[in-house]
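Engineer: Have a look at this one.
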Amino acid sequence: MTKAEIVAEIAAKTGMEKINIQEVVEEFMNVLKGSLAKGENVYLRGFGSFIIKKRAEKTGRNISKKTTIIIPAHNIPAFKPAKTFVEEVKNHVK
């Protein structure tokens, strides 16, 4: 499902204008990205958590050049679904 499809479905269910829904979805994503960029996790009860995972420094290999490189420690965004979300998805798989 794409962002446009999400906007269209919400607009159809609520009767609101697509442009208004689009603005809300865009702003939600901006707030989410901004919070994670500042190091703050985002918790949505019943849905899940957008968290920051810390990756430790590690050694990588460039196979084509046959060299070793050091990949520095870094943070990545991750999503951890709520238990109710996981159960709902498990029970609706065809």
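Engineer: Give the distance, in whole Å, between the Cα centre of the range 46-94 and the Cα centre of the range 1-28.
Structural biologist: Answer, in whole Å: 28.
Engineer: Net charge within 15 Å of Met16 by Cβ-Cβ distance, Lys/Arg positive one each and Asp/Glu negative one each, not counting Met16 itself? Walk me through the numbers on the way to the answer.
Structural biologist: Values: positive: Lys13, Lys18; negative: Glu9, Glu17, Glu23, Glu26, Glu27.
Summing Lys and Arg as +1 and Asp and Glu as -1 gives -3.
Engineer: Suppose we flag GluC sites (Glu not before Pro) only when DSSP calls them loop and at most 14 other Cβ atoms lie within 10 Å. Which is the longest uninterrupted stretch of the chain?
Structural biologist: That gives 58-94 as the longest site-free run.
Engineer: Looking at the range 1-83, which trypsin sites (Lys or Arg not before Pro) are DSSP coil and have at most 10 other C-beta atoms within 10 Å of their C-beta?
Structural biologist: Passing both the DSSP loop test and the Cβ count: Lys38, Arg45, Lys65, Lys66.
Engineer: For the chain, take the longest principal axis of its alpha carbons; what is the angle in degrees between that and the long axis of helix 3-14, to the nearest 10 within 0 to 90?
Structural biologist: Computed tilt is about 30 degrees.
Engineer: Under a 1.4 angstrom probe, counting protein chains only, how are Phe47, Phe85 ranked by accessible area, largest first? Can you show the working numbers first?
Structural biologist: On the way: Phe47 90, Phe85 60 Å².
Highest to lowest solvent-accessible surface, that is Phe47, Phe85.
Engineer: Can I ask one more? Could you do me a favour and compute the accessible area per residue for the chain, 1.4 Å probe, result in Å²? Could you put the intermediate results ahead of the total?
Structural biologist: Values: 8000 Å² over 94 residues.
For the chain, the solvent-accessible area averages 85 Å² per residue.
Engineer: Given a 1.4 angstrom probe, I'd like the percentage of the accessible area of the chain that is carbon and sulfur, rounded to a whole number. All intermediate terms of the calculation are to be shown ahead of the outcome.
Structural biologist: Values: 4660 of 8000 Å².
That fraction is 58 percent.
Engineer: For the range 37-85, take N as its residue count and report Rg(C-alpha) divided by 2.2 N^0.38 Å.
Structural biologist: Taking the Cα Rg and dividing by 2.2 N^0.38 Å, one obtains 1.68.
The values are calculated or read from the model by the stated rules, or taken from the named source; none is laboratory data. From a predicted model like this one, the values you see are computed outputs, not experimental measurements. Counting neighbours? That spans all protein chains shown, and the Cβs are built from the backbone with ideal geometry, glycine included. Quick note on the areas: whole protein, heavy atoms, side chains included, nothing else; ligands and nucleic acids left out. Shrake-Rupley method; radii C 1.70, N 1.55, O 1.52, S 1.80 Å.
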